[in-house]
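A short worksheet on the structure shown next.
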Amino acid sequence: MKILVIGSGPIVIGQAAEFDYAGTQACKSLKEEGHEVVLINSNPATIMTDWDVADALYIEPLTPEFCERVIARERPDAVLPTLGGQTGLNLATQLAERGVLEKYSVRLLGTQLDAIRKAEDRELFRSLMREIKEPVPESWIVETPEQLEALLDEAPYPCIIRPAYTLGGTGGGVAYNRDELWEIGSKGLKLSMRSQLMIERSLLGWKEVEYEVMRDSAGNCITVCNMENLDPMGVHTGDSIVVAPSQTLSDIEYHMLRTASLKIIQALKIEGGCNVQLSVNPDSFDYYIIEVNPRVSRSSALASKATGYPIARVAAKIAVGKTLDQIDNQVTGTTKACFEPALDYCVVKIPRWPFDKFPQGDRHLSTQMKATGEVMAIDRTFESALMKAIRGLEVKQKDLRHPKMAALDDTSLRGACAKPTDERLWALAEALRRGWGVDEVNRISRVDKWFLRKIQNLLDVERDLLDLVESTATQGDDAEHIRGLIQRAFHIGFPSATIRSLLGISREAESEAGHEQDPVTRVRAIAAGFIKAMQGEPVFKMVDTCAGEFESATPYYYGTFETEDDAALNI
Amino acid sequence: MYQGAALGADTDAVGEVVFNTGMTGYQEVLTDPSYAGQIVLFTYPLIGNYGINDDDFESASVKPVGIVVKEACVTPSNWRSKWSLDAFMKERRVPGIQGVDTRAITKHIRSGGVAMGMITDRDPEEAMRDLLAARTYDETDFVEQVSTRAPYAWSYAGMERIDEPGGEHRLRLAVLDCGVKYNILRRFAALGCRSIVLPHTTTADEVLAWEPDGVLFSPGPGDPARLPHVVETARGLFGKLPIFGICLGNQILCQALGGSTFKLKFGHRGANHPVQDLESGKVTITSQNHGYAVDPSSLDGANAAITQLNVNDGTVEGIRALDFEARSIQYHPEAAPGPWDSRPYFVEFVAKMEAMKR
């Protein structure tokens, strides 16, 4: 078969470069199946448009006109639009609506357009969810003061008020009680051009969880991975710190949400990958479906790298008619793609924002994505994965210390914890460092206590390292104690540079070891020796999709402090 | 030998060391009777994150003799959490070990197969002597330890979201208890069945005396070949009323139909095992926990058809009798822990019971 693949075009804010990764994987996957791949993409500066990725390559604007000319010339049998992000999807929709696909009898591979419409159109989606009995946030339309009054007792507080047809959400807001709803609501009715309000249940502070699911044409469904956002509802998931797998959901909760996600992908009849975002009440079994992305998305790329499961590769094969049990798990080489990856590590993603390049930019994060990239770190504990991810950001901060946060007074720090920005992680750490306690910081930020306690664990080690030098005069320089502490610091994820700086070890201190010095210098010299020794300690563990259950052929690795080295065994 | 830090009770544990690859569900695993006599290693490194709660028990007590984790969460976070893992294990007098390289041990089991092991803080040489002298897992009868002593009834539907219609208890189900999990009883209760849970020693005539509408052969621990009396009961019930078997129940029914079982190198324990239905071709992700499997060739010429196979290793995952109503599956449709995709089996079996009652 000759297949036209639509690329994702230029890399812009809000649509990350991951589509390039996914598209390239998909092209290779189609060629593997013996198909001829024609690629159209307007971006020459990507790997996807390298010579060996497609059989024929058109670097042309991603418009229906140009696309039609490529189709007229190449006469492909089919087009695969679900791997180029929203751009590819929109272009395919336009081509179908203009009758281009019909004219040249080009078949649309993968998820069909009506399924995509059902997922993306708000009203169609809501009615589908009602049909399959999956909860969406309740909402009410109000057009008169009488209707508003009638709603006062019924509305769930807090609720969000959105006046219709006003610019930039003017007149909207959050009401925490009936008085506020009456006040904001009546004002909103006046401001709205058509005198119409939408009142919606507010899910601020609820947990946000995502599931990456796949379905083939035979109706087989699997979950590749679930992810939990450190930032509660209110921040775009692309702007959230995310962990995989979820950490604070019990088995019943995990599978309740998994079942819902699979029910949705089944109802939408997706053929390929799909991302389901859910909001979970931290104090009950209640949840709501927030959004569905009926295609390979930014989250899929993350899930793919986090688990080792090649979502785009498998999605491409599903699009040409293969079923999950017919596709090999490339990582193990012995099992099939029809399974759910088991992780034996923790993954942390932190978005990378461009605020260092735009110092005047508004750093507040909300429902519109501002990040331009992300880093992902893997380790055996959350703490060490988080510390790795911070270093990967290539920002000034290499650990949880931030001079700007340290300089804030308590009131400003409270604000920095409550309002999400790119720097909130450091604000949370500073608040805990000041001894506010996990419960209080949770109340202010609504970040789950599990994450805050992990940050507290890191700060405890930071405190102990500082104490080591400060209390040397009273406690002496017990080498075993120092070694234990240095080891703990490395195991929990502190880089040697941070340990050195907390202990005040300069380069000179290391060479002075062994001489007669004052107690502090001696402690530093001993510590420097242990730091050097620990640097040789890390091993490499395998990302193998199956938590070690099966031998794996083409895995990749992450560094960690453990006893057995998977990489050394493989050589 | 792997060195780590103590977890839970300050006692020794001797048992068969097995690994489970599920990323959630440690409370269900800790109380699942099928783990009796085993030391369970969790491959997911962060265990205890959401604590232990009042609801997610699969039996009244902790069943594995010990557990192995990379990191036990000290301060769990979940709205239902009542105890930390460590506190719970101390209260229930079960020891564990943490801070060990669980992936290294998993790979050890993967290549060498499951083996007896010990969690101890004693002198290694002395402990090793005791370990070698200990009775092995394969030689021990665990079913008699976990089966109920006296019959009891169950009509509680549990507190998870239920989308099947509940209502009156229209049907009576006899459960041959070799180590039944609560969620099996909850699922049947949710579908209108009152379960009568019977000791594993109950004979076919005694089962029939309860006038049940169907019989379930439950999951359970240990070597299925050590249970000829349960196999005999199954044979005595064939053709008299609809029969369903889960996990060990599958192995019991297969033996009753003339098949035999063998021990897997390291078993199937986790929530991600793909199973293919041979009639429809559909693949389902299942929750599994078994160390023994049915040999497919042993069913050649038997009065049974293999209905499902494991996609990874081709072992038998389901069978049905050809001339009467009896079917069984090797995995866990009740989940707890694991995916809920196989719940329709309960609906299907209840429909059979209903149809044959009429």
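Here are the numbers for the structure shown:
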{"item": "Residues of segment A:222-276 classified as within 23 Å of A:LYS449 (Cα to Cα), away from chain B (no Cβ under 14 Å) and either within 11 Å of the chain's Cα centre (by Cα) or at pLDDT 95 or above (or both), total", "result": "9"}
{"item": "Any chance B:LYS63 is closer than 17 Å to B:ALA336 by Cβ, of a type in the set (Lys, Arg), in the same structural domain as B:GLN98 (by TED's automatic domain parsing) and modelled with pLDDT of 95 or more", "result": "yes"}
{"item": "Residue count, segment B:271-289 (criterion: in contact (Cβ under 8 Å) with a residue 60 or more places away in the chain and either farther than 21 Å from A:PRO245 by Cβ or more than 10 Å from chain A (Cβ to nearest Cβ) (or both))", "result": "1"}
{"item": "Counted residues, segment B:25-51 - those being more than 8 Å from every other protein chain (Cβ to nearest Cβ), in a loop (DSSP other than H, G, I, E, B), under 23 Å from B:GLY291 (Cβ atoms) and in contact with a strand residue (DSSP E or B) (Cβ under 6 Å, 6 or more places away or on another chain)", "result": "1"}
{"item": "Boolean, A:LEU4 is of a type outside the set (S, T, N, Q), touching a helix residue (DSSP H, G or I) at 6+ places or on another chain (Cβ under 7 Å) and within 18 Å of A:LYS317 (Cβ to Cβ)", "result": "yes"}
{"item": "Members of segment B:52-69 that are within 20 Å of B:MET23 (Cβ to Cβ) and either more than 14 Å from chain A (Cβ to nearest Cβ) or surrounded by 24 or more Cβ atoms within 10 Å (Cβ to Cβ) (or both)", "result": "B:ILE52, B:ASP56, B:GLU58, B:PRO64, B:ILE67, B:VAL68, B:VAL69"}
{"item": "Hits in segment A:75-97 - residues which are at pLDDT 95 or above and surrounded by fewer than 19 Cβ atoms within 10 Å (Cβ to Cβ)", "result": "A:ARG75, A:ASP77"}
{"item": "Filter pass, A:THR24 being modelled with pLDDT under 90, more than 30 Å from A:MET376 (Cα to Cα) and outside any strand (DSSP E or B)", "result": "no"}
{"item": "Residues located in segment A:308-342, provided they are within 26 Å of A:VAL79 (Cβ to Cβ), under 23 Å from the mean Cα position of the chain (by Cα) and of a type in the set (A, V, I, L, M)", "result": "A:ILE311, A:ALA312, A:VAL314, A:ALA315, A:ALA316, A:ALA337"}
{"item": "Answer residue from segment B:70-102, given it is of a type outside the set (S, T, N, Q), assigned to a strand (DSSP E or B) and closer than 30 Å to A:ASN281 by Cα and is nearest to the other protein chains (Cβ to nearest Cβ) among those", "result": "B:GLU71"}
{"item": "Number of the condition not met by B:ARG235 [criteria: (1) at pLDDT 95 or above; (2) buried (at least 22 other Cβ atoms within 10 Å of the Cβ)]", "result": "(2)"}
{"item": "The one condition in (1) at pLDDT 95 or above; (2) at negative phi; (3) within 12 Å of another protein chain (Cβ to nearest Cβ) that B:VAL311 fails to fulfil", "result": "(1)"}
{"item": "B:ASP10 being surrounded by fewer than 24 Cβ atoms within 10 Å (Cβ to Cβ), at the interface with chain A (Cβ under 10 Å from one of its Cβ atoms), more than 20 Å from A:TYR345 (Cα to Cα) and not β-branched (Val, Ile, Thr)", "result": "no"}
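Conditions tested, residue by residue: (1) buried (at least 22 other Cβ atoms within 10 Å of the Cβ); (2) out of contact with any Lys or Arg (no Cβ under 9 Å at 6 or more places or on another chain).
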residue	(1), (2)
A:VAL209	yes, yes
A:CYS225	yes, yes
A:ALA244	yes, no
A:LEU249	yes, no
A:MET256	no, no
A:GLN277	no, yes
A:VAL280	yes, no
A:ARG295	yes, yes
A:ALA315	yes, no
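The values are calculated or read from the model by the stated rules, or taken from the named source; none is laboratory data. Nothing here was measured: the structure is a model prediction, and the numbers come from that model. Note that we place each Cβ from the backbone using ideal geometry, even for glycine, and neighbour counts take in every protein chain shown.
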